[in-house]
Amino acid sequence: MKTAENLYTATRNSCKLCAPLGASLVLRGIEGAMPFLHGSQGCSTYIRRYLINHFKEPVDIASSNFSEKEAIFGGKQSLISGLENICKQYQPKLIGVATTCLTETIGDDVEMILREFFLKHKSERLPEIVHISTPSYIGTHMEGFHTAVLAVVSTIARKEKKLKQIGIFPGLVSSADIRYLKEIVSDFDLGPVILPDYSETLDGGPWEEYQKIQQGGTTVEQIASLGDSLGTIELGHSLETRKTASVFLEDNFSVPRFSLGLPIGIKLTDLFFNNLKKISGKEIPCKYQSARARLIDAYVDGHKYIFGKKVLVYGEEDLVIAVASFLFEIGAVPVFCATGEKTGTLKKVLPEIASAYGKEIIIREGYDFEQIGEESAKIGLDFMLGNSKGYYLARKMGIPLIRIGFPIHDRLGGQRILHLGYGGTQQLFDRILNAVIEKKQETSPVGYSYM
Amino acid sequence: MKSDTKLPEPCGIQEDILKKYPSKVARKRSKSIVLNDPKTEQEIQANIRTVPGIITQRGCCYAGCKGVVLGPTRDIINLTHGPIGCGFYSWATRRNQTRPGPDGDNFMPYCFSTDMQDDNIVFGGEKKLREAIQEAYDIFHPKMIGIFATCPVGLIGDDIHAVAREMKEKLGINIFGFSCEGYKGVSQSAGHHIANNQIFKHVVGLDDTVKEGKFKINLLGEYNIGGDAFLIEDLFKRCGLTLISTYSGNSSVDHFANSHTADLNLIMCHRSINYVAKMMEKKFGIPWLKINFIGAEATAKSLRKIAQYFGDKELIKQVEKVIGEEMPAVLEARKDVEPRTRGKLAMIFVGGSRAHHYQYLFSEIGMKTVAAGYEFAHRDDYEGRKVLPQIKVDADSRNIEEVVVEKDPKRYRLRKTEQELDALKKKGMEISKYEGMMSEMEPNSVVIDDISQYETEKLIDKYKPAVFCAGIKEKYTVQKRGIPMKQLHSYDYGGPFAAFKGAINFYREMDRTVNTKVWRMIKAPWENEPEITATFVVE
């Protein structure tokens, strides 16, 4: 039967990207790592240009440059010579070999090819090589992202001795978010091991000299030491039921796992800080308590402008859930929450949050932007939150779009948008409030500059 | 390009680049790096598969077919058959502009995909494709639907052409497929060829209406990035030339269908579109001229060439009038900018024609192109079409169909007699000819095909150019080194740069780019000489 969610066969203006992109992004957050896509060069070129457009930073991704010959007879030789050339030119510390729909379809046995590669070069010092299976016909860019984190951790992590550190798997967040998470964890006197950490590689300054692979990122040694952590925190509601890096570390090395939502809004951030307190045995530092207090103060100041506003939130499901939860807190109603993903998380988590506020909302999974647009038109929205891809809908409906998440390619600074923690929520809150106020001011029949 | 000063000696640059490569790779790459000597006939290796693991800037066959050639046409529904990535990444990323046509159809802001899932890979995706075509028809009622195959489609054996035929019959609109799987060919160039073939086979010649107009032309290989085609269209109109079709900036599928009625084909980007010109020449008898509207002088020269081709006094006069109207503003802008740009070095590594064309713009403000190369061009774009018979067809090119074209018995019409063409050729006009880039570059310039990230760094280290032109993938690596960078694919979200007004835009843009002061702030004051600290102490 045709329901709202499978009314259409084709996808018009997709609200999701493909798996190898997520894997490539994770690899850019590991020090000295080179992402390597096993397939046609077009995948690496397209993904590079897309990531570069958002982050405004170099993103190198190697490829095994398939031709028809490899597509028919298999890409063993291309993969081996590609790895050899990368090792010689770039001397990487880690190579992540992510597959594409091409190599997954022909069924290249990457594990076997890698064994052969190691055998061929057994007397040489080789980088860590991690195989990540990312057929783009399964799941979205987030599938590729989480698969890559798990693949890296399960290949490299060891257990030696207890370290005063905590592992954090933040999901797809901004460079600024990662920097902020590092600061928070350090303030609890814990060593943060964040995977991925592209806070420097994808948001850095000019270079004195050429860097073959941009400096920064979590080191291979740090990843190896994840088995020694006091605990791991993974961010994102969708991870709770997945086999994740945190699950792997708990199962194999008894590292306690804490699975939380993205810390956006007071409630989810409180949960995050409480867990840090639990793991570290330390009180929550004053500066965060003050930040929380300021945020509450702002909620009070802004309430009259935001209360009852109807909002569309779209994008990755974990971001949508956390932002929706925050919107309820400030009195707005995320009447329409949509994602291109189809894991069932949105439908599982959001109704509970909404009903706590006595609200019913529309929740859609596997949606594209045209479907979002069609349904939005029936609702009467006040504003929307999401990435640049939804701008055309905002324009059509004449409502403000507050840009969050990925990709942001019609504004500068997408990599520096802070979403997380009390600080990130504060910035988000101010941006939302001011967008609403600006809209009111600009469309007001009288000009006013004081309120 | 003529100039009064010489380029720096390229001593050792080739060896320097090659020494880091494994010997086999070095041998291969050495043939793609040429120290230019325009007086001798030099061979460059081009259109050769990139070595795996060498990070190339090239795209794939699908990108060239769907993204480049078909992307800019407003009234075709471009349906990507494959997993979601390919469709998403080629969604409105090339900045092709268009005007809405009389029927208002414009599907360019859309990204249509069958979004194949694992069950489609296992059980086949033809059913989903059929449903998607039906759906596109029901919702949008387009006059044409193009189906673009991505990598897995060819592998699982979905017959997109059979589905296209079936749906064409059922729906009564033009529907056909492009077998442009990403692994075909060595770069996007293969996709251009496939796009040319299919448009020629399925669209060109469908509408025989002969439009009004004394001098009817097609503009081939102009994609209207940043509005370039709008400026060129304006010039044509003012000169009295009737534009039948552009391939494919600001175009409609109706224009393609009628384009065989033109008198002359003008080629901007030789690489991406020469196939259509060749096929039209053979089937319909339309000659082609290589022209270039990048650079004010080049624009004037091209307009004069067109007028001379038609040999009409009124047209020649009108063209001179238009050039006369445009040039004063160009000269004024040049006079203002040139003192700040003269003598500075530029590098251009882009495309299949832009690396050549933009050298004209640079030379107009006294800048010198010290190194250039294409991303996906062939030897004829470097050395001229005279080398075509020498180019060996390798495995990668053999797989791309060469359409066999014969004289159309009814519609073939000689536009000029052999004698007329000979007379023009005697006067020095090159008809159906392209001399390539290298003969026009200065001695000592460095020509590199399919330059890699690593080779780019080496060039920058040696020459410290005032500006480096390429695409977004190179942009930030170059800027990290303190070298200004201009994107010549997307124009850095600026433009237009074509014709006279575009040239003025470019002069000003280069003035801003090469003279920006921001790089001087890289070093913080506390990083300076110790004496400065001492002065502070004394104070």
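Computed values, structure above
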{"quantity": "Coordinate range along principal axes, alpha carbons of the protein assembly as shown, Å, largest first", "calculated": "94, 73, 67"}
{"quantity": "Per-residue Cβ neighbour rank within 10 angstrom, fewest leading, B:408, A:318, B:228, A:60", "calculated": "B:408, A:60, B:228, A:318"}
{"quantity": "Among the listed pairs B:216/B:386; A:16/A:243; B:39/B:317; B:282/B:425; B:143/B:211, those beyond 26 Å (Cα-Cα)", "calculated": "B:216/B:386; B:39/B:317"}
{"quantity": "Chain A - convex hull of the alpha-carbon atoms, volume per residue in Å³", "calculated": "163"}
{"quantity": "Two-decimal Rg to Rh for chain B - Kirkwood Rh, Cα set", "calculated": "0.99"}
{"quantity": "Unit charges on C-beta of K, R, D, E only; dipole of segment B:248-359, Debye", "calculated": "500"}
{"quantity": "Share antiparallel - DSSP beta bridges, chain B, percent rounded to 5", "calculated": "10"}
{"quantity": "Per DSSP, loop trypsin sites (Lys or Arg not before Pro) in segment B:187-223 with at most 16 further Cβ within 10 Å", "calculated": "B:211, B:214"}
{"quantity": "Inter-label distance, nm, simple model (7 Å from Cα along the C-beta direction), residue A:123/residue B:304", "calculated": "6.8"}
{"quantity": "Net lengthening on full extension, residue B:395/residue B:214 (0.36 nm per residue, minus Cα-Cα)", "calculated": "60.6 nm"}
{"quantity": "Spatially close lysines, pair count over segment A:286-441: Cα under 17 Å, gap of eight or more or interchain", "calculated": "15"}
{"quantity": "Among B:526, B:193, B:11 - extreme Cα towards positive end, dipole of the protein assembly as shown, charges at beta-carbon", "calculated": "B:11"}
{"quantity": "Taking the C-alpha atoms of segment A:5-90, convex hull volume expressed per residue in Å³", "calculated": "131"}
{"quantity": "Gain on full stretching of the segment that runs from residue A:427 to residue A:183 - 0.36 nm per residue minus C-alpha separation", "calculated": "86.1 nm"}
{"quantity": "Under the Debye formula (equal points on every Cα, no solvent term), log10 I(q)/I(0) of segment B:230-276 at q = 0.16, 0.22, 0.27 Å⁻¹", "calculated": "-0.45, -0.87, -1.24"}
{"quantity": "Range in chain A, longest, excluding exposed chymotrypsin sites (Phe, Trp or Tyr not before Pro) [loop by DSSP; at most 16 other beta-carbon atoms within 10 Å]", "calculated": "A:1-206"}
{"quantity": "In segment B:1-62, GluC sites (Glu not before Pro) in a DSSP loop with at most 15 other beta-carbon atoms within 10 Å", "calculated": "B:41, B:43"}
{"quantity": "Neighbour count of at most 13 Cβ within 10 Å plus DSSP loop: longest trypsin sites (Lys or Arg not before Pro)-free window in chain A", "calculated": "A:3-121"}
{"quantity": "Distance from segment B:34-59 to segment A:184-258 (C-alpha centre basis), Å", "calculated": "41"}
{"quantity": "Spin-label zone in segment B:273-287 - amide nitrogen under 20 Å from a point set 7 Å from the Cα of residue B:440 along the C-beta vector", "calculated": "B:273-275, B:277-278"}
{"quantity": "Sites residue B:515 and residue B:493 - FRET efficiency at Förster radius 25 Å, r taken between beta-carbons, to 0.05", "calculated": "0.80"}
{"quantity": "Normalised per residue, the volume of the convex hull around the Cα set of segment B:227-352 (Å³)", "calculated": "125"}
{"quantity": "Segment residue B:41-residue B:338, extension gain: residue separation times 0.36 nm, minus the distance between their alpha carbons", "calculated": "103.6 nm"}
{"quantity": "Stokes-Einstein D (µm²/s) once Rh is taken as the Kirkwood radius of segment A:165-280 over alpha-carbon pairs, at 25 °C in 0.890 mPa s", "calculated": "166"}
{"quantity": "Nearest-20 debye value, segment A:165-280 charge dipole, Cβ charges on Lys, Arg, Asp, Glu", "calculated": "420"}
{"quantity": "Proximal aspartates and glutamates relative to residue A:69, as straight alpha-carbon distance under 14 Å, when same-chain residues fewer than 8 apart are discounted", "calculated": "A:108, B:181, B:394, B:396"}
{"quantity": "Selection from A:95, A:73, A:112 lying farthest towards where the dipole of segment A:19-155 points positive, charges on Cβ", "calculated": "A:95"}
{"quantity": "Cβ-placed point charges (K, R +1; D, E -1), dipole of segment A:19-155 about Cα centre in debye, nearest 20", "calculated": "320"}
{"quantity": "Rel. contact order, % - alpha carbon contacts under 8 angstrom, at least six apart, segment B:61-182", "calculated": "32"}
{"quantity": "Exceeding the 27 Å Cα-Cα cut-off - candidates B:31/B:184; B:301/B:344; B:433/B:486", "calculated": "B:433/B:486"}
{"quantity": "Segment A:286-441, relative contact order [Cα under 8 Å, separation at least 6], %", "calculated": "22"}
{"quantity": "All-pairs Cα distance distribution in segment B:61-182, expressed in whole percent, bin size 10 Å", "calculated": "14, 49, 32, 5, 0"}
{"quantity": "Globularity index of segment A:89-233, i.e. its alpha-carbon radius of gyration over 2.2 N^0.38 Å", "calculated": "1.15"}
{"quantity": "Residue-wise HN-Hα coupling along segment B:7-24, computed from phi with Karplus coefficients 6.51, -1.76, 1.60 (Hz; x: Gly, Pro)", "calculated": "7, x, 5, x, 3, x, 5, 5, 4, 4, 5, 6, 5, 7, 7, x, 4, 5"}
{"quantity": "3J(HN,Hα) from dihedral phi, segment B:353-367, Karplus parametrisation 6.51/-1.76/1.60, rounded to Hz, x for glycine, proline", "calculated": "8, 5, 4, 7, 4, 5, 4, 5, 4, 4, 5, 5, 10, x, 8"}
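A short reminder: the numbers here are calculations on the coordinates, not readings from a lab. Just so you know, these numbers come straight off a predicted model, no measurement behind them. No Cβ is skipped: glycine too gets one built from the backbone with ideal geometry, and neighbour counts run over all protein chains shown.
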